[in-house]
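What follows is a single structure, written as structure tokens, with notes after it.
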Amino acid sequence: MKVLSVVGARPQFVKLAPIAHEATTRGVEHVIVHTGQHYDPMLSDVFFRDLQIPDPDVHLGVGSGSHGVQTGAMLAALDGVLEAQQPDWVLVYGDTNSTLAAALSAVKLHVPVAHLEAGLRSFNRAMPEEINRVMADHAADLLLAPTEIAMGHLADEGLAGRSALVGDVMTDVLLQVRDAVAGRPPALLAELGLEQGAFSLATIHRAENTDDDDRLAAVLDSLAMVDHPVVLLTHPRLVAKAEESGLTLEHGNLRARSPLAYPDLVAAAQASRGIITDSGGLQKEAFLLGVPCTTVRPETEWVETVELGWNVLVEPGEALVAAASRSRPIATHATPYGDGHAATRVIDSLSN
Ligand code: UD1
């Protein structure tokens with residue numbers, strides 16, 4: 001069996017890691033195509049290095065652009081790659097423009113396509129990610145869902161016959177990296193003079209939060225008003241938008257720092273008092289690490305984190321400040337994201 005994975009953005013490299021390892025272990029031929037959507041070394045190369053992912057076989061070098069330009073350039077480049085490679089499966093990951101381009105390219109060429117992390121829904125059609133994931137699900141031949149709730153969404157859309165529950169591959173990676181960094185004090189503490197359990201870690205990058213000046217100013221002001229230090233890990237989109245709007249990333253209790261490599265992020269998250277984010281993956285990582293999460297969005301795809309009491313959805317302003325300062329919830333033993341062996345089931349599903 002020959003599987004061709006298409007990835008392009010930071011969270012996709014994390015999802016790729018356990019699939020690449022499982023493919024190697026089981027002797028599955030695996031071709032990695034990097035679209036080039038994320039090209040900064042800290043958003044791309046360090047993930048391949050730290051998670052021991054083989055270098056991409058093909059790099060499309062697409063880079064930044066408007067949604068149409070970026071997605072279109074990927075589509076144009078992928079046609080030739082799929083025709084040359086003739087894989088048994090194209091595997092697409094998550095909800096980025098790279099996901100949509102690869103799913104469309106494969107389905108048009110009649111190459112079987114599987115969507116990993118299928119069935120997630122925010123039901124917010126203003127989000128580019130929601131459009132990407134819905135389109136990818138409906139284009140794909142095999143839908144690999146992380147949770148029961150995701151399976152339910154697929155069934156509601158008439159896609160149950162093509163769906164399989166495999167668990168969450170990000171959980172596979174997180175549990176391994178958590179164990180690997182255990183006992184190592186995170187470098188961030190010494191670097192920023194922080195005390196264990198006395199700071200929050202924040203990431204903000206979604207278009208809904210960064211692309212409107214007033215909204216972005218409100219988010220940054222709220223982070224600065226939290227009653228303990230908040231370390232904001234700066235995504236390039238955030239830096240660019242803050243510069244355009246003349247906003248500072250450091251005031252009050254807010255400190256800014258460039259993005260962390262994945263093992264450093266896991267260690268820092270575990271040492272933090274809480275996470276404040278609009279990322280999808282980090283909400284779930286906080287849950288799995290037993291760290292309270294405050295999500296700066298009106299809805300989440302990872303609803304289990306909210307239902308189990310570890311995640312709170314807030315608007316910027318008083319609600320954000322109050323939520324970020326709340327005390328820890330009661331621990332849960334629920335494991336809605338699988339057992340850390342999702343990648344095995346993904347390769348099983350592709351082999352059957
Ligand atoms: C993309 C995904 C989002 C995912 C996120 C993870 C889409 C529609 N969005 O958002 O779902 O959560 O990745 O980070 O696919 N830039 C750089 N260097 C880079 C990459 C981007 O400077 O290596 C800049 C671009 O020039 C652009 C901005 O960051 O100005 C946004 O990049 P883009 O890849 O379009 O989307 P993300 O915001 O990263």
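The values are calculated or read from the model by the stated rules, or taken from the named source; none is laboratory data. It should be emphasised that the depicted structure is a prediction, and the values quoted were computed from it without experimental measurement. Glycine gets a Cβ as well: all are built from the backbone with ideal geometry, and neighbour counts include every protein chain shown. Ligands, DNA and RNA are excluded from the accessible area calculation, which covers all protein heavy atoms including side chains. Shrake-Rupley method; radii C 1.70, N 1.55, O 1.52, S 1.80 Å.
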Sort the range 270-314 into rounded, prolate or oblate with this rule: let a ≥ b ≥ c be the square roots of the eigenvalues of the Cα gyration tensor; rounded if a/c is under 1.5, and if a/c is not under 1.5, prolate when a/b is larger than b/c, oblate otherwise.
prolate
What FRET efficiency comes out for Leu109 versus Asp227 if R0 is 41 angstrom and r is the Cβ-Cβ distance? Round to the nearest 0.05.
0.15
For the pair Asp348/Ala261, report the inter-label distance in nm, with labels modelled 7 Å from Cα in the Cβ direction.
3.4 nm
Fraction of the pair-distance distribution of the range 238-336 above 19 Å, Cα-Cα pairs, percent
46 percent
If you add up the charges near Trp89, with Lys and Arg at +1 and Asp and Glu at -1, over every other residue whose beta carbon is less than 9 angstrom from its beta carbon, what do you get?
-1
Would you kindly compute the Cα radius of gyration of the range 92-152 and its largest Cα-Cα separation (Dmax), both in Å?
10.7, 31
Spelling out what I want: for every residue of the range 175-187, take phi, set θ = phi - 60°, compute 6.51 cos²θ - 1.76 cosθ + 1.60 (Karplus), and round to whole Hz; glycine and proline get x.
5, 5, 5, 4, 5, 5, 9, 4, x, 8, x, x, 4
Amide H neighbours of Leu260 under 5 Å, counting only residues 5+ apart in sequence or on other chains, H built in-plane at 1.01 Å?
none
Two-site FRET efficiency, Ala126 against Ala217, from Cβ-Cβ distance with R₀ of 22 Å, rounded to 0.05
0.65
Choose one of Val62, Ser5, Val113: the residue whose Cα lies farthest towards the positive end of the charge dipole of the range 1-118 (beta-carbon charges +1 Lys, Arg; -1 Asp, Glu; about the Cα centre).
Val113
Expressed in nanometres to one decimal, the distance between label points 7 Å along Cα→Cβ at Ala187 and Met1 is 3.8 nm
If every Lys and Arg gets +1 and every Asp and Glu gets -1 at its Cβ, then about the Cα centre the chain yields a dipole, in debye to the nearest 20, of 420 debye
Length-normalised contact order of the range 146-260, Cα under 8 Å, at least 6 apart, in percent, tallies to 20 percent
Considering amide H positions built from the backbone, and no H for Pro or chain starts, which residues 5 or more places from Lys2, or on another chain, come under 5 Å of its amide H?
Asp88, Trp89
With 0.36 nm assigned to each residue of separation and the Cα-Cα distance removed, Val69 to Asp55 gains 2.5 nm
Between the range 48-104 and the range 166-238, what is the separation of their alpha carbon centroids in Å?
27 Å
Quick check: from the Cα gyration tensor, does the range 18-176 come out rounded (a/c under 1.5), prolate or oblate?
rounded
Given backbone amide H placed at 1.01 Å from N, residues whose amide H is under 5 Å from that of Leu313, ignoring those fewer than 5 places away on the same chain, are Thr295
In whole percent, the Cα-Cα distances of the chain spread across 10 Å bins from 0 upward as 5, 26, 35, 24, 8, 1
Theoretical ellipticity at 222 nm over the chain - DSSP helices of four or more residues, -39500 (n - 2.57) apiece, nearest 500
-13500 deg cm²/dmol
Can you give the local net charge around Val296? Use residues other than it whose beta-carbon is closer than 10 angstrom to its beta-carbon, Lys and Arg +1, Asp and Glu -1.
0
Probe radius 1.4 Å, ligands and nucleic acids ignored: give me the carbon and sulfur share of the accessible area of the chain as a rounded percent.
53 percent
Residue farthest toward the positive end of the dipole of the range 172-316, with Cβ of Lys/Arg at +1 and Asp/Glu at -1: which of Ala256, Gly280, Pro185?
Pro185
Which of the aspartates and glutamates could be linked to Lys241 by a straight reach, that is with a Cα gap under 13 Å, when you skip same-chain ones fewer than 8 residues away?
Glu208, Asp211, Asp212, Asp213, Asp214
Contact order relative to length of the range 86-171, as percent, for alpha carbon pairs under 8 angstrom and 6 or more apart:
27 percent
Taking r as the C-beta separation of Glu195 and Glu243 and R0 as 35 Å, the FRET efficiency to the nearest 0.05 is 0.65
